[in-house]
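Working notes, structure below.
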Amino acid sequence: MNDKSVRLRFAPSPTGYLHVGGLRTALYNYFYAKKLKGKLILRIEDTDQNRLVNNAEHNLIDMLAWAGIKFDEGPHIGGAFGPYRQSDRLSIYKDFYIELIKKNHAYPCFYSKKRLQHLEDSTLSPEDATIEDSIFKNFNINTIWEQMENQNFVVRLKIPKNQKLLHKDLIKGSVHFDLNLINDPIIIKSDGFPTYHFANVIDDHLMEITHIIRGDEWLPSIPKHIVLYKAFNWAIPQFGHLPLLLNSDKTKLSKRKNDVSVASYIEKGYTREAMINFLSLLGWHEKGDREIYSLTELIQAFSFERVNKSGAVFDIQKLNTFNSYYI
Ligand code: GLU
C-alpha cells in the first residue's frame, strides 16, 4: 500500500434496507476516496445476529450498485468487489480480546444463573449491570483463563477514570468527553460474538482505514473507540460525523413522516442523477449557490470543510425539482 493513499469504508449493519442517510454517507466516502485517488471498502457489520433483517444485505449491495458506487477491494463477486462481512471474520477477534485482558485493559465478567435470568427478564439496567460487574475488575491473571474455559462470561473494556478526552472531528470540530460518565462497555457477548464497538475498531485498524466518515449518531461512541485504539497502542484514524437528516419540523428523519429507504424512491420513479445530486447537497455545499452537479463534478468539488455541523432538512419539494430537471 502507498503510505499516502487514503482508505475509507462504508460499514452498514444489515438491519434494514439502505436508508437515504446511509446512501449520503456512502456517497461522501466515495467522493473523498475518488478525489484523493484512494480506496473505498464495503464492510457489512452483522455481529448483532438478533437484529438482522432478511434480504437487507442484498438490498444494500443492490442500492449502492444502482447509485454507481464502486468498491476497490474485497472478495470478488461476479467481476466486482463484494463486501467484507464481520460474521465471516469471527475467528479474528479472539486474539485481540485476550491481548486486552493480558494488558489489563479488559476484564471478563462471569454470569451466575440468577444474573442471566435477571438479564433475560430485563430487570437489570445496563448501568446497574456495569456496576454489578465491577467486582470482576480485579481478576487474577493466573486463574482467569481456566475460569473462562468453564464459565459463561462477557468481556468488558476498562474505561480509564478521571480523564477527559478531546476529540477533533473533521466535521464537528473539537468535542470534549468526560470518561467518568462512560460505562465499561461489553466488547464480547456471552455467545462469543464481538459487539459493534469491538469489531468495528479491530476491522478499521486491520483494514488500515485512514478516514472514518459516518452518521452523527455514532459520535457518542467516540470515547469507547478511542480508548480501544489507545489500549492497543494503534494509530487513531481521522473521524468525521455527518449531520443528521431532518423532517421539515426539524425532528430526525423518520419512517413515520417520510419514506426513508432508497428503494422506495426508485420505485416512485426518482432518477439516479436526481437522488445523488439532492442527497449530496444535504449538509454539504460549495461557496456560492451552484446546485446542479454530476457524479464526476461532485467528486471534484467535495470537501469536508464545507460539510455543515448541524442537521439538514430532507425537503421533498427540492427533490421533485431536481427530478424534473433531470427528466
Ligand atoms: N455499522 C454501523 C451502522 O450500521 C456503522 C458504524 C460506522 O460506520 O462506524 O450504521
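Assign one of three labels to the chain, namely rounded, prolate or oblate, based on the Cα gyration tensor with a ≥ b ≥ c the square roots of its eigenvalues; rounded applies when a/c is under 1.5, prolate when it is not and a/b is larger than b/c, and oblate otherwise. Don't jump to the answer; show the numbers that get you there.
Values: a/c = 1.91, a/b = 1.85, b/c = 1.03.
Here the chain falls in the prolate category.
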**Asked** What residue among Pro83, Ile222, His285 has its Cα farthest toward the positive end of the dipole of the chain, where the charges are +1 on Lys, Arg and -1 on Asp, Glu, each on the Cβ?
**Response** His285
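Please say if the stretch 173-282 is rounded, prolate or oblate, where rounded means a/c under 1.5 for a ≥ b ≥ c the square roots of the C-alpha gyration tensor eigenvalues, and otherwise the choice is prolate for a/b larger than b/c and oblate otherwise?
On the way: a/c = 2.02, a/b = 1.95, b/c = 1.03.
Taking the square roots of the gyration eigenvalues as a ≥ b ≥ c, the stretch 173-282 is prolate.
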**Asked** So between Lys287 and Leu179, what do we pick up on full extension, going 0.36 nm a residue minus the alpha carbon distance?
**Response** 35.1 nm
**Request:** With a 1.4 Å probe and every protein chain left in place, work out the accessible area per residue of the stretch 244-327 in Å², rounded to a whole number.
**Result:** 56 Å²
**Request:** For n ≥ 4 DSSP H runs only, could you compute -39500 (n - 2.57) per run for the chain, divide by its residues and tell me the 222 nm figure to the nearest 500?
**Result:** -10500 deg cm²/dmol
**Fill in**
If every Lys and Arg gets +1 and every Asp and Glu gets -1 at its Cβ, then about the Cα centre the chain yields a dipole, in debye to the nearest 20, of 660 debye
**Asked** Roughly what would the spin-label model give for Tyr325 and Asn152, points 7 Å off Cα along C-beta, in nm?
**Response** 5.8 nm
**Message:** Please list, in order, the residues from the stretch 246-285 whose amide nitrogen is less than 11 Å from a point placed 7 Å along the Cα→Cβ vector of Asp62.
**Reply:** 263-264, 267
**Fill in**
In this structure, among Lys94/Lys161; Lys39/Lys168; Lys164/Lys255; Lys35/Lys172; Lys37/Lys268; Lys137/Lys230, pairs with alpha-carbon gaps over 30 Å are Lys164/Lys255; Lys37/Lys268
**Asked** Of the heavy-atom accessible surface of the chain (probe 1.4 angstrom), what whole percent is carbon and sulfur?
**Response** 50 percent
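Lys37 to Leu116: FRET efficiency via 1/(1 + (r/R0)^6), r the Cβ-Cβ distance, R0 51 Å, to the nearest 0.05? Write down the numbers at each step before the final one.
Details: r = 51 Å, r/R0 = 1.01.
That gives a FRET efficiency of 0.50.
For the stretch 1-67, which trypsin sites (Lys or Arg not before Pro) pass both filters: DSSP loop (anything but H, G, I, E, B) and at most 10 other C-beta atoms within 10 Å?
Values: sites: Lys4, Arg7, Arg9, Arg24, Lys34, Lys35, Lys37, Lys39, Arg43, Arg51; in loops: Lys4, Lys37.
In loop regions of the stretch 1-67 (DSSP not H, G, I, E or B), the sparsely surrounded trypsin sites (Lys or Arg not before Pro) are Lys4, Lys37.
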**Asked** Which residue, Gln86, Gln238, Gln163, tops the fluctuation ranking in a GNM of the chain built on C-alpha contacts under 10 Å?
**Response** Gln163
**Asked** Length gain on complete extension for the stretch Leu124 to Gln300, per 0.36 nm per residue less the alpha carbon to alpha carbon distance?
**Response** 58.2 nm
**Prompt:** Considering only DSSP states other than H, G, I, E and B, which GluC sites (Glu not before Pro) in the stretch 258-324 qualify as loop sites with at most 15 other Cβ atoms within 10 Å?
**Reply:** Glu286, Glu291
**Request:** Output the relative contact order of the chain, whole-number percent, from Cα pairs under 8 angstrom with separation of 6+ residues.
**Result:** 20 percent
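The values are calculated or read from the model by the stated rules, or taken from the named source; none is laboratory data. Note that the coordinates shown come from a computational prediction; the quantities given were computed from them, not determined experimentally. With ideal geometry, Cβ positions are generated from the backbone for all residues, glycine too; neighbour counts draw on all protein chains shown. Note: accessible area is taken over every heavy atom of the protein model, side chains too, but ligands, DNA and RNA are not part of it. Shrake-Rupley method; radii C 1.70, N 1.55, O 1.52, S 1.80 Å.
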